[in-house]
Amino acid sequence: MIKKILIALSFFLFQIANAESSAVLSELLQNTQTIQADFSQIVYDEDGHALSTSIGSFVLKKPNKFYWIITKPSKQIIVNDGKNIWNYQPDLEQVIVSKSSNTLQATPLAILSGSTGALTKNFSITQTDNNTFKLVAKHDGTFKYVWLNFSKGIINGMKLQDALGQSTTLKFSHVIVNIVPPSTKFMFTIPDGVDVIHN
């Protein structure tokens, strides 16, 4: 009986901590409506060995709009116009199109650009220290774990891990928040001569 009470109490305290962490993260994200930054990204295998490195920049505007461009090692542009996500790969001469509503966990920026309500619906949230939050997916998806890092209330990095243990680390620099970009930034025009794949 005592063991059951302790388990129930632990679960209750966990729920309280989770709710408090969710509230803190929600406030941080709600205070940020737009983000512009440069980024560096490293993808690791399940043993921690680096598989690839890339750099680029992005612009994000809530709700559900972002422009993400990888400049090195090869160019790639991902645009979310609020309805569709366009993934343009010039080297392959193709554009992959998917519905924005189905991609909360599909890209790192989709997590940041969505509503805080959707975030708490899809993830359990705990605050691991003053600047870091750990998100654990409640449902099967692209990412199983997500860590969000902040500095002085502004996002400055992310780490994401899938169900197989592969992880992606993102570091942001030259971060600018709450400066509204032109609406044309989130419009994508399909280039002539490329293949269009609907996902």
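Computed from the coordinates by the stated procedures, all read-outs in this text should not be read as laboratory data. Remember, it's a predicted structure, so these values are computed and weren't measured experimentally. Backbone-built Cβ (ideal geometry, glycine too); neighbour counts: all protein chains shown.
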Q.
On a 20 Å Cα-Cα criterion, which of the cross-link pairs 62/121; 83/185; 121/171; 134/171; 72/134; 138/159 come out too long?
A. 121/171; 72/134
Q | Helix-derived mean residue ellipticity, 222 nm - over the chain, DSSP H n ≥ 4, -39500 (n - 2.57), to 500 | A | -7000 deg cm²/dmol
Q. Name the trypsin sites (Lys or Arg not before Pro) in segment 117-199 that are in a loop by DSSP and that have at most 10 other C-beta atoms within 10 Å, would you?
A. 152
Q: With label points built 7 Å along Cα→Cβ from the Cα atoms of residue 128 and residue 140, find their separation and express it in nm.
A: 2.6 nm
Q. Any idea how far the Cα center of segment 127-199 sits from the one of segment 22-79, in Å?
A. 4 Å
Q) Using alpha-carbon pairs under 8 Å, 6+ residues apart, how would you state the relative contact order of segment 24-126 in percent? A) 18 percent
